[in-house]
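Structure first, commentary second.
The values are calculated or read from the model by the stated rules, or taken from the named source; none is laboratory data. For clarity, every value in this text was computed on a predicted model and none was experimentally measured. Here the Cβ positions follow ideal geometry from the backbone for every residue, glycine too, while neighbour counts run over all protein chains shown. The accessibility values were calculated without ligands, DNA or RNA, using every heavy atom of the protein model including side chains. Shrake-Rupley method; radii C 1.70, N 1.55, O 1.52, S 1.80 Å.
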Amino acid sequence: MSDAVESSTAGRLAPVAALDIDDLLAEIRSRAAGAQQSQERLAGLLDAVIAVSSDLDLPTVLSRIVSSACALVDASYGALGVVDESGRHLVEFITHGMEEGAQVMSEPPTGQGVLGLLLSDPVSLRLSHVSAHPSSLKTLPPGHPPVDSFVGAPIRVRDHIFGNLYLTQKKGAPEFSEEDEQLIAALAAAAGIAIDKAQLYRRARRTRDWARAVGELTQTLLEGRNEHGALARMVKRARDLGDAELALVATMQDDTGTLMIRAVDGIDGVSDALVHSTLQSARWRIVLANRVPLLLMTDAEDAHVGELSAEIRDRAGLSPVGASAIVPIIVGDVELGLIVLCWPADGLRDALDTIESLTSFAEQMGLALEAARAQRSRSRTVLLEDRDRIARDMHDHVIQRLYATGLSLQSAARRTDGVVRERIDTAVDQLDAAVKDIRQAIFELHHQIPEGGLGPELEAIVESASEGFGFIPDVTFEALADIPMEYEADVLAVVRESLSNIVRHAHATDAHVSVSAVDDIVITVRDNGIGIPEGAARSGLVNLRERAEARGGSCHATGLDPVGSEVMWRVPLPGRLLHLRER
């Protein structure tokens, strides 16, 4: 009896045990698959972290964050919205996946609807159906892809919210999982570190570039180069470094007290319309007197546009919407002028990144301008003192001795006759002519010279030629005070003729003029054009060569590799020419 019961019990328990083992194995397999999937997703997270941290260029880092996030959670579309300083609006929107479906939004989101939830409450957010949420916008911008499932997380850089990461449309599933939300939150934390590192690198690089630009300006001005040309090149550097669409410098005019625009860099035709014009609004003087940098921002919804930004943007042909930075150039109590940069509507972040560097740049620009002007003033004073001394010595010593010699010869002529008397009279006439020449030289030495001596005349020639170029050539002056007066006409003629040749024949986009009188008088005019073609008239070059040979020098025109040409005109200084002849 017991054996039968035991056999019957074993028969009933065997299927139950088999079923338990199958369930256990299935659970084990499920957990193993889950563990493997979790391991793969953790590996994917690690790959994503490495991807966003492998570059220091900020735009590249932001783009990689979005693409890596989409790959990590299998999202169809992704975006990274960069918030403004207030943390209430999106000023930049980087997307991924929208191009694949030919989706092009007419206007990027600014932080309304569900996107605004992360702005008001910066914590991770996951929604199964965006349209069912009370904060959802019923209408999306034209070109926006469909939105249903959603997951987002804020990106913090140190203690500030840099932006928010948004992902929509889970592939192969109706909604994003809790694990997806955790992965995106983890990626957002790693992205904050990567962004912080990229921002630090970007600031260091921009600081280096701005410092280099200041160094170039200081060196250019202290070397005695054309102030107008130096300002034009520095304005171009400021616009490039600030990623602006317009940059200009206006300086105070001592004779009128007005602010005149000295240099402009921007869209085509702006320089022709603005250079040498004055700033009309009285508010410019108020900004200069207050000595405080301004950053003006005009939105499309603004009913009123600021007077200062409107004046610059209207005259430059720019849209009234955008950012404008106005920074005074001040040295001590001296108000030198203003530097202005303008950005388009989407350039607010560039403006915010630039204003501090631009302020420092303006301070250094002011110091360089004042130092260069003081140096030119000292050089002019020294030159005038030297001219006075030379004129005084010539009058007190040379002319008096020649006059005394002439009187002696006239006295001796009264005691002679015939050929001897005729020769003495001839010698006296020659002495009189020499005295007249010396008096004329003394008059020229006392004649009022322009600021900087020969420099302003050369600057005027270069500025006049720039109308034909469409750009302002770079000019280098060195030891102009050592060029004798009788050589000045040749120097001016050589520079004028060389620039005229470039305008007529070269089709150049850049040119450089160098005038030096260190060992010899050397004039070098270089351009990046096509040079002087074969068969073109060379009368100008012949004139330059004849002028050089008349002074014991030479003139050569050569082609440059790969493009351009160079004219070098060289003549010895008078003392060096005498030394060469003696040898």
**Asked** Among R202, R212, which is the only one that is part of a helix (DSSP H, G or I), under 26 Å from E92 (Cβ atoms) and either out of contact with any Phe, Trp or Tyr (no Cβ under 7 Å at 6 or more places or on another chain) or open to solvent by less than 10 Å² (accessible area, probe 1.4 Å) (or both)?
**Response** R202
**Message:** Just the residues that are at pLDDT below 80 and open to solvent by less than 40 Å² (accessible area, probe 1.4 Å), please, taken from the range 412-427.
**Reply:** A413
**Residue check, G322 modelled with pLDDT of 80 or more, surrounded by fewer than 15 Cβ atoms within 10 Å (Cβ to Cβ) and small (G, A, S)** = no
**Prompt:** Do we find that R387 is surrounded by 13 or more Cβ atoms within 10 Å (Cβ to Cβ) and either β-branched (V, I, T) or more than 52 Å from the chain's Cα centre (by Cα) (or both) in this structure?
**Reply:** no
**Asked** Of the residues A190, A185, A230, which single one is open to solvent by less than 60 Å² (accessible area, probe 1.4 Å), under 30 Å from V123 (Cβ atoms), part of a helix (DSSP H, G or I) and touching a helix residue (DSSP H, G or I) at 6+ places or on another chain (Cβ under 6 Å)?
**Response** A190
**Request:** Within the range 333-372, track down each residue that is free of Cβ contacts under 8 Å to residues at least 60 places away in the same chain and either of a type in the set (S, T, Y) or open to solvent by 30 Å² or more (accessible area, probe 1.4 Å) (or both).
**Result:** D333, V334, A345, E356, E363, E370
**Request:** Kindly list, by first and then second residue, each pair from a residue in the range 284-297 that is hydrophobic (A, V, I, L, M, F, W, C) to a residue that is part of a loop (DSSP other than H, G, I, E, B), limited to pairs with Cβ atoms under 7 Å and residues at least 6 apart or on different chains.
**Result:** L296/G306
**Request:** Check whether at least one residue in the range 169-181 is assigned to a strand (DSSP E or B) and open to solvent by less than 60 Å² (accessible area, probe 1.4 Å), and report yes or no.
**Result:** yes
**Message:** Any residue in the range 494-505 that is free of Cβ contacts under 8 Å to residues at least 60 places away in the same chain and under 17 Å from E546 (Cα atoms) sitting within a Cβ distance under 7 Å of a residue that is open to solvent by less than 50 Å² (accessible area, probe 1.4 Å) and assigned to a helix (DSSP H, G or I)? List the pairs, counting only those 6 or more apart or interchain.
**Reply:** V495/L458; V495/I461; R496/I461; E497/G540; E497/L544
**Request:** May I ask you to verify whether V563 is in a loop (DSSP other than H, G, I, E, B), modelled with pLDDT of 80 or more and of a type outside the set (K, R)?
**Result:** yes
